[in-house]
Amino acid sequence: MPEALTTLLGASDGASSLTLDGFLLRLLSALVFGQVIAWIYIGTRRGVSYTATVAQAAIIMALIVTLVMSVVGNSLARAFGLFGALALIRFRTPVKDARDTVFLFFAVAIGIACGTGNLLGALAGTVVIGGVLWYLSSSRFGSRSGHDGLLRLRMPSVAEAAVKAVLDAHCAWSRIMHMRELSDGSVEYAYQFGLQDLAAAPRLLADVRAVQGAAGVSVLMQDAEELP
């Protein structure tokens with residue numbers, strides 16, 4: 001086994017002894033593991049909260065953290081210097097879903113493992129944590145029975161009873177989440193509701209649109225695309 005690969009398989013605390021071959025192997029391993037994390041994200045994330053930028057960020061973040069950890073090594077001065085430089089960066093892009101943060105933190109952890117030369121730890125972490133993420137997604141662990149949704153529309157207040165009757169006919173439950181009077185005299189409503197069968201959502205949408213005076217009707221189902 002080449003000496004560089006042997007060094008890579010065992011964690012190394014120092015950066016000064018790191019050869020170019022070993023450094024490139026660390027970056028290559030981070031690229032491979034980051035790609036695996038991105039594939040897991042693409043395969044497990046559903047609905048409107050999915051964004052391709054998170055998959056791309058996971059790969060780049062694993063590489064950057066590997067680079068940082070390789071440069072820092074066991075030097076406290078380097079660590080404080082890099083910390084001061086990174087403190088100048090401000091991230092203002094909001095994360096839509098907490099699970100997106102999990103994948104980004106996953107990429108950071110793998111980058112740390114690769115950057116310190118612990119390839120076996122990176123491999124084991126990718127396999128175990130990736131498997132758990134896939135299991136949680138495929139089994140829909142933690143999901144409740146039924147399908148929650150949000151209905152948004154504008155209508156005269158006199159049409160509220162008709163819309164409520166449609167919701168009662170199609171939904172297991174429903175409640176008003178938001179109500180705001182508009183300048184034209186109509187009222188903007190937002191209803192939260194629960195369906196036992198997701199296939200009933202298009203019928204619910206059609207019946208609400210059939211109510212006289214209803215306008216701007218849209219339905220957003222949890223873990224599904226918005227129905228136009």
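Of note:
- Residue match in segment 97-104 (condition: over 30 Å from Val71 (Cβ atoms), modelled with pLDDT under 90 and not in a loop (DSSP other than H, G, I, E, B)): yes
- None of Arg175, Arg140 is at pLDDT 85 or above, surrounded by fewer than 16 Cβ atoms within 10 Å (Cβ to Cβ) and not in a helix (DSSP H, G or I) except Arg175.
- Filter pass, Arg180 being in contact (Cβ under 8 Å) with a residue 60 or more places away in the chain, within 33 Å of the chain's Cα centre (by Cα), on the phi < 0 side of the Ramachandran plot and outside the structural domain of Gly131 (by TED's automatic domain parsing): no
- None of Tyr135, Tyr189 is of a type in the set (Ser, Thr, Tyr) and over 23 Å from the mean Cα position of the chain (by Cα) except Tyr189.
The values are calculated or read from the model by the stated rules, or taken from the named source; none is laboratory data. Everything numeric in this text was worked out from a predicted model, so none of it was measured. As a convention, Cβ positions derive from the backbone with ideal geometry for all residues, glycine included, and neighbour counts pool all protein chains shown.
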